[in-house]
Amino acid sequence: METLMVERVQSSLRSFMNKNAIFLCERLCAEFPSELNLQLMATCYLRNNQAYCAYHILKGTRMPQSRYLFAFSCFQMNLLREAEAALCPANEPNSEVPNGAAGHYLLGLVYRYTGRRSNAIDHFMQALALDPLLWAAYEELCILGAAEEANECFSDSVVARIYDQHLSELSSQNLYLGSEDRSLPSNRLIASGDSSPRQSKQLPANNLRDPHGITGSGQSSNIPNLSQYNTPSPTATQLSGVAPPPLCRNAQQYLNSNALGGDGSSRLNANAAIQARRKVLDDGKIRKVSGRLFSGSDSGLRRSTRLSGDAMANANSNGSQVGGTSTSHSSSKFLGGISLSSKMNSAVSRSLTNRKGQQWASENFDEGRRSEVFDDLRMDNGATTASSTSSFVPTFHDGRSNNQERLNYQMGGMSHDSKLANGIVELLGLLRILGEGYRLSCLHRSQEALEVYLKLPQHQYNTGWVLSQVGKAYFELVDFLEADRVFDLARRLSPYILEGMDIYSTVLFHLKEEMKLSYLAQDLISTDRLSPQAWCAMGNCYSLLKDHETALKNFLRAVQLDSRFAYAHTLCGHEYVALEDYENGIKCYQNALEVDERHYNSWYGLGVVYLRQEKFEFSEHHFRRAYRINQRSSIIMCYLGMALHSLKRNEEALEIIEEAILADKKNPLPVYQKANILLSLERCDEALKHLEQVKEFTPCESSIYALMGKIYKRLNMHAKAMFYFGIALDLKPPAADVAAIKSAMEKLHLPDELEDTL
């Protein structure tokens, strides 16, 4: 009964029938109370987004997987101290973090959100060491600014490690399939005991942002009681929701033979002989393949070896391109009508090579399977082999066995392992490009990141996540038109995407695209009204209409939905500053920095607040913090120069302003501020020269003409001063500037008193 109920619960979870799983699991725990069954019930509740239920169920439990699930529940409920205590008990300082890489990743998140950056980095690194394919850990390291280059993180040494881990799991599964007792209760007894650290390190990593990630993925339910083929580990088989699929054709054939059933002791003896023969063959293949793939001394001319070498060469060549800083590709080939470059042709040829290898491997696979079927039939009919040696060579229907047949039989398995190695190499090659591009984006080296992303194949480039990262890069480069185009393409390719839509709404805000921004906000609300990105877009829409109070309500709604969404806190701060509520604005910026201390927008916002409050030393400190994080932002450099100028450190101000001009020659603000600094240094002619340049870029900016009028007044050229003051008034400046300009016009023949007000 217990076995049946557990299988039904797992089947319900695989079918996303969470309520049915909860109901059945409650019956299971009432009938068979155990901590393993409590773990399964907690998993059901987490799948149903009821972390508080899992929290109460698992509180006080001691098994490693129970501690992990309890910590995850605490993390979902923002009980970070309790989550840390569950993963690292204070009374057990040397205890291992449960659930391997996923446990270290969760603990890293806890440390990150409690302000312990170095500890967070350490655990994210450990998670990557245990599971080199745990992208989420590398992503967090990039956000913290501590990620090593992707070429180092996803290097060839990682290929060997992943391959060895896979072979170890394959070997252990084959040994386990040969055991006598394969019933679910025995598995549960084994799982409840202690296990080695090596086994716990091989646990699958989980996506901590999605409760579905911690309970396993869906699996075909037409094979009953599939969980009995799990390798024993500290986690019960019922926790993962579904067991891993068989990793070799022998395991699958074993399942098929069991499904067919059998009668008589002769069939059992035949199956035992087949299992013994396959075990020896598998061990031989493991030794041969591992030595052939990584020793580099194979002199054979097997086709599978050539395919493996071709695929590895292609993957390595793609991976080696990540470190470059230039590219011959243009974004039009990815976003427009798609002409294939040499790199794309090599990717196509690589896929064709793999298809050839797969077809050839499948032929050998079928041949080997046919030989085993005929071998089974021969053994069922009572025939026996003449010696133990010949039992390791497949005997075909005509009774003959020769070297070519033996070679074909072994090569089928070798081709399978070669394809596995090729797949690992290709996947790591892809992660090298994506990882390096994301790392450069987080370091705000946006132009370099764009060049790296262009190295992706077209089908990978034209995906929602990649296009969102490309759009963010253009946003950082203040190329709003290109960012709008890329984000729009991402929306058309993936209408459901939410990644980066908060940035897209800010792009439309700067472009003053009221219609497109309104449509985007409504569309995001209809897609997922519980996403913070949707409410950030809605808030930007109202902010563009100068309705700052309504915009603030929408941004606060985004914070309520996800308190760890740093950009929502920052947007709240911007609206408070627009409403001149500087105290609450400072609090919002500080909340954003508690979530992400490298969120330079909040450091910049604090600097602006203190600059307006004329706390110039504080302002300079916060602008410098923003500048250390993003050293390529012309706007941050410009405001830092303004703070230095206010502190009468004009030479330093000029240096940083020059850097701002070089960083973005299209930005008129640093040129205007340079003219202002030159005026304070009595270098009026140079100041006028720079203002004439700015006037070409922004001919309708009233502050430019007001500053020119001020300079002409200082030069005692009153007619020109009055002329430019009049133009400034005609351009309808803000009310404060209007009062200052009129005051300067009234005192045109008096000593200059307008310097501090313009």
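Things worth noting here:
- Full extension of the chain segment joining Thr550 with Lys615 gains 20.4 nm, where the gain is 0.36 nm per residue of separation less the Cα-Cα distance.
- Overall form of region 1-164 per C-alpha gyration tensor (a/c, 1.5; a/b vs b/c): prolate
- Of the trypsin sites (Lys or Arg not before Pro) in region 69-152, those whose Cβ has at most 16 other Cβ within 10 Å and which sit in DSSP loop: Arg116
- Most positive-pole-ward Cα, Leu691, Leu715, Ala675, against dipole of region 636-738 from beta carbon charges: Leu715
- Using Cβ point charges alone (K and R +1, D and E -1), the dipole size of region 1-164 about the Cα centre works out to roughly 720 debye.
- Using a probe of 1.4 Å on the protein chains alone, the accessible area found for Trp465 is around 70 Å².
- At most 10 other Cβ within 10 Å, DSSP loop - GluC sites (Glu not before Pro), region 644-688: Glu682
- Distance between region 487-506 and region 533-563 - C-alpha centres, whole angstrom: 17 Å
- Contour minus Cα-Cα distance for Ser563 and Arg683 (0.36 nm per residue): 38.2 nm
- A 1.4 Å probe run over the protein chains yields, for region 1-164, 40 Å² of accessible area per residue, whole-number rounding.
- Pair-distance profile P(r), taking every C-alpha pair of region 1-59, with 5 angstrom steps and integer %: 4, 23, 34, 25, 12, 2
- Nearest-20 debye value, region 96-162 charge dipole, Cβ charges on Lys, Arg, Asp, Glu: 280 debye
- Region 430-484 shape via C-alpha gyration tensor axes, a/c threshold 1.5: oblate
- Taking a ≥ b ≥ c as the square roots of the eigenvalues of the alpha carbon gyration tensor, region 522-563 is oblate, as a/c is not under 1.5 and a/b does not beat b/c.
- Residues Arg116 and Ser34, FRET efficiency given R0 of 35 Å [Cβ-Cβ distance, rounded to 0.05]: 0.45
- Contact order relative to length of region 1-164, as percent, for alpha carbon pairs under 8 angstrom and 6 or more apart: 11 percent
- Of Ser34, Ala71, Trp135, farthest towards positive along the dipole that unit charges on Lys, Arg, Asp, Glu beta carbons give region 1-164: Ser34
- Basic side chains Lys and Arg get +1 at the Cβ, acidic Asp and Glu get -1 at the Cβ, and with that the dipole of region 557-686 about its Cα centre reaches some 300 debye.
- Extending 7 Å from Cα along the Cβ direction at Ser15 and again at Leu579 yields two label points whose distance is 5.1 nm.
- Fully extended contour minus Cα-Cα distance, from Leu750 to Asn78, at 0.36 nm per residue: 235.6 nm
The values are calculated or read from the model by the stated rules, or taken from the named source; none is laboratory data. Remember, it's a predicted structure, so these values are computed and weren't measured experimentally. All Cβ positions, even for glycine, are placed from backbone atoms using ideal geometry, and neighbour counts span all protein chains on display. Remember, those area values only see protein heavy atoms, side chains included, never the ligands or the DNA or RNA. Shrake-Rupley method; radii C 1.70, N 1.55, O 1.52, S 1.80 Å.
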